[in-house]
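The values are calculated or read from the model by the stated rules, or taken from the named source; none is laboratory data. Computed from a predicted structure; not experimentally measured. Don't worry about glycine lacking a Cβ; one is built from the backbone with ideal geometry, like all the others, and counts go over all protein chains shown. SASA here: full protein model, heavy atoms, side chains in, ligands and nucleic acids out. Shrake-Rupley method; radii C 1.70, N 1.55, O 1.52, S 1.80 Å.
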Amino acid sequence: MKLNKKHILVAMPLVIITYLMVIASLSPLRFRNQLHQKALSDSLFMLSINPSFSNPVVKPLVKTEAFKQSMLQLSRYDSIGLSVNLPDSSMMLKLKGVVLYESNVVDFKIDPVLKGLRIAAYLNSFSRPVQSVASYSSFQKEPIVVKKAPATPEEALAMATLPDSIPLVPAYFWIELDCGIRLCVVQDDWKGSNEGKVRRKFKSDLRRLKIGNVFKSAIHPSAYYYTPTIIVETNADAAITIFRALPVLTKLSLMY
Amino acid sequence: MAGFFIIQKISSLKRVLSGILLIMTTCFAVFVLPFWVQQIVLFVANNVQTERMENNPETIEHEVYRLNLNIERLNKKLDAFIPKNHYLIVNSTHNEFYLFKGKELVRKGKCSTGSYMLLEKNENEKWLFKTPKGEFKIRSKTTNPVWKKPDWAFIEEGLPVPAPNHNSRFEYGVLGDYALYLGQGYMIHGTLWKRYLGLPVTHGCIRMNDDDLKAAYSKLSIGSKVYIF
């Protein structure tokens, strides 16, 4: 059979799409494998792993123990940290072991890659605090208002404004962690039309990042890009309070 | 003639529709299909993967016992971080305070914290009115505090800045009956502007109403912790 232009035009997109599908499927598996390999390569750590840890009765206790160990380390840092306990549906701001603020997790969604993580890889990743490397939010971290100094008392009087509370804006933020995971905290109720817009923006931002990762992996197949995401829903107040309280580079204890 | 034009229109419409269909299929294939396949592969991988598991009841029982003991031990270590005496937590986002003794909430109420206003006089003279976050200690306590107005208090009012110890710098009665010093010029004090409590209006200090301030003054001693977030 002779190949003509038409055949090539049909085959090209098919090849590209198949390639994208292969890349999209392999990236998360490779990410997970990397976490498994990281755990396996730590021979001292692997000595502490017991086959009974995978037992469904023991597993939650092992995870709780790891979380407590992580919180204990978090308590030794002198800046505000976040502890997220998804089985208990709670998020806490902590400073030197003192709970500064607690908020309820209304709902959460865990990436399937993290759900399928073996217990050794889980413990290796989460039995100590994870460090944030970048963050993004739909609201200002510090709502700074610039005011020019008045030249005269009359000008000062004219510039005087009544103080107002910080407006409650549609709130979401995410934190990229050094272990390659993204933690998204989103407000749970979206009522106003502006909030609808922000929610759509949140979803499209996440989609854009996911698609971007696939294309980056397609261009550089040896270096794969995949960022498993944990989406946590809480009330808007809590999302704003937590993000504003956290330092730019913060530490987190995570349990799921 | 008219029939010919209709047939031509239909065929061009067909071309447009098939073009749109092609674009939509390509978008679906590029932007959606890979993620569906990804989810299917992950679902299969999660269900296929096996982990060596110990099911011996005696071993499991022993592990559960050991882990529970460890968790209890870790809980005790975590509890040891909580101050035994009174301490204050200030939420600067919602302008609220919480007075604790150990794990017990003794009092809570509204306060005022930094306004996040950046006052600019010129390129070199700028002041950001924000309450610092972190762990602080009560460094000293005083009754009937006098406010020594810093330079920005005059600049903010459009007044000339007087000499460092000029009489006009000292204001009596504006800080309430008590003040607790946190260091670096920050204080917990009272206010004449009680209707602004609960709002971010201060120059960085923490303002409370008279009763709350009295309670904080009596419960918190020098060295007591203040956590601001």
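Listed values, structure above:
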| read-out | value |
| --- | --- |
| Neighbours by Cβ (under 7 Å, 6+ apart or cross-chain): first from region B:144-155, within 17 Å of B:M117 (Cβ to Cβ); second open to solvent by 40 Å² or more (accessible area, probe 1.4 Å) and not in a strand (DSSP E or B) | B:D151/B:V161; B:F154/B:P160; B:F154/B:V161; B:I155/B:K121; B:I155/B:V161 |
| Pick from region A:96-115, criterion more than 7 Å from chain B (Cβ to nearest Cβ) and open to solvent by less than 40 Å² (accessible area, probe 1.4 Å), ranking: farthest from B:E72 (Cα to Cα) | A:D111 |
| Selection status of A:L40, assigned to a helix (DSSP H, G or I) and open to solvent by less than 70 Å² (accessible area, probe 1.4 Å) | no |
| Exclusive hit being buried (at least 21 other Cβ atoms within 10 Å of the Cβ) and touching a residue at least 24 places away in the same chain (Cβ under 8 Å), set A:A134, A:A120 | A:A120 |
| Selection within region A:115-147 - more than 20 Å from A:L74 (Cβ to Cβ) and aliphatic (A, V, I, L, M) | A:L117, A:I119, A:A120, A:A121, A:I144, A:V145, A:V146 |
| Failed criterion for A:L35 (all others in (1) at pLDDT 95 or above; (2) more than 9 Å from every other protein chain (Cβ to nearest Cβ); (3) crowded, with 16+ Cβ neighbours inside 10 Å; (4) part of a helix (DSSP H, G or I) hold) | (1) |
| Failed condition for A:I166, given (1) in a loop (DSSP other than H, G, I, E, B); (2) at pLDDT below 85; (3) away from chain B (no Cβ under 14 Å); (4) open to solvent by 20 Å² or more (accessible area, probe 1.4 Å) | (3) |
| Strands (runs of 3 or more DSSP E) wholly inside region B:29-147 that include at least 3 residues being more than 8 Å from chain A (Cβ to nearest Cβ) and more than 30 Å from A:Y19 (Cβ to Cβ) | B:86-91, B:96-101, B:104-110, B:126-129, B:140-143 |
| Candidate set: region A:63-92, residues that are in a loop (DSSP other than H, G, I, E, B) and of a type in the set (G, A, S); chosen: the one nearest to the other protein chains (Cβ to nearest Cβ) | A:S75 |
| Given (1) modelled with pLDDT of 95 or more; (2) on the phi > 0 side of the Ramachandran plot; (3) open to solvent by 30 Å² or more (accessible area, probe 1.4 Å); (4) not aliphatic (A, V, I, L, M), number of the condition B:G204 does not satisfy | (3) |
| Pick from region B:153-174, criterion among the β-branched types (V, I, T) and within 32 Å of the chain's Cα centre (by Cα), ranking: least open to solvent (accessible area, probe 1.4 Å) | B:I155 |
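Yes/no matrix, rows are residues, columns are (1) within 11 Å of chain B (Cβ to nearest Cβ); (2) assigned to a helix (DSSP H, G or I); (3) more than 30 Å from A:S27 (Cα to Cα):
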position	(1), (2), (3)
A:F53	yes, yes, no
A:L61	yes, yes, yes
A:K94	yes, no, yes
A:N124	no, yes, no
A:A134	no, no, no
A:P143	yes, no, yes
